[in-house]
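Input: a single structure, listed below in structure tokens.
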Amino acid sequence: MAPAANESQGTERVNARGPNQSSMWGLVQPAVLLVLSERPRHGYALRDELHERQYLPGKPDVGNLYRGLRKMEAEGYVASEWERQPGAGPRRRTYSITQAGRRALYQEALSLADRASHVERILSEYRRLNPGGPPSVEKSDVP
């Protein structure tokens, strides 16, 4: 009997958004709030910072990032204001974290720590049952 279209075969992942993309969505909000906790940023600078720090797989789609920022603003986690760039450049919206956003970031950090301990237990058991794979990610393994 052939596997259903939505079943994974071997190590291949069947996901409309591509490999590992579904795991990214639970990381966007805490990653954005963490970066904004340092200082305000406009959307493209925020996207570049998220990519540089490798908080998310790949470079975040700017459209999705702006939608997420608008959602966080509606929830009261971030605030934005228009600022004029030096010279003749166009105005740009700069985002900053609010007190509610700092509280949300704290809760997200607690949740991530709990999730990380569960993930590590699963991977540890996987390695026990399947020697040789997948390896632990070391800093030297990250590009």
Two-site label geometry, Glu75 and Arg121: point separation in nm, points 7 Å out along Cα→Cβ: 2.6
Whole-Hz ³J(HN,Hα) from phi, Karplus 6.51 cos²θ - 1.76 cosθ + 1.60, for segment 113-127, glycine and proline x: 4, 5, 4, 4, 5, 5, 4, 5, 5, 5, 5, 4, 5, 4, 5
Cα gyration tensor, segment 26-107 - rounded (a/c under 1.5), prolate or oblate: oblate
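So which GluC sites (Glu not before Pro) in segment 58-88 pass both tests, a DSSP loop state and at most 15 other Cβ atoms within 10 Å of the Cβ?
Glu75
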3J(HN,Hα) from dihedral phi, segment 90-100, Karplus parametrisation 6.51/-1.76/1.60, rounded to Hz, x for glycine, proline: x, 5, 9, 8, 10, 10, 9, 7, 9, 4, 4
Phi to ³J(HN,Hα) by Karplus 6.51 cos²θ - 1.76 cosθ + 1.60 over segment 29-46, Hz, x for Gly, Pro: 4, x, 5, 5, 5, 4, 5, 5, 5, 7, 5, x, 8, 8, x, 5, 5, 5
Length added when fully stretched, Tyr66-Trp82, from 0.36 nm per residue minus Cα-Cα: 4.3 nm
Taking segment 24-131 and dividing mean pair separation by its residue count, relative contact order in percent (alpha carbons under 8 Å, at least six apart): 26
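Laboratory data are not the source of any read-out in this text; all were calculated from the coordinates shown. Everything numeric here is computed off the predicted structure, so don't read it as measured data. Don't worry about glycine lacking a Cβ; one is built from the backbone with ideal geometry, like all the others, and counts go over all protein chains shown.
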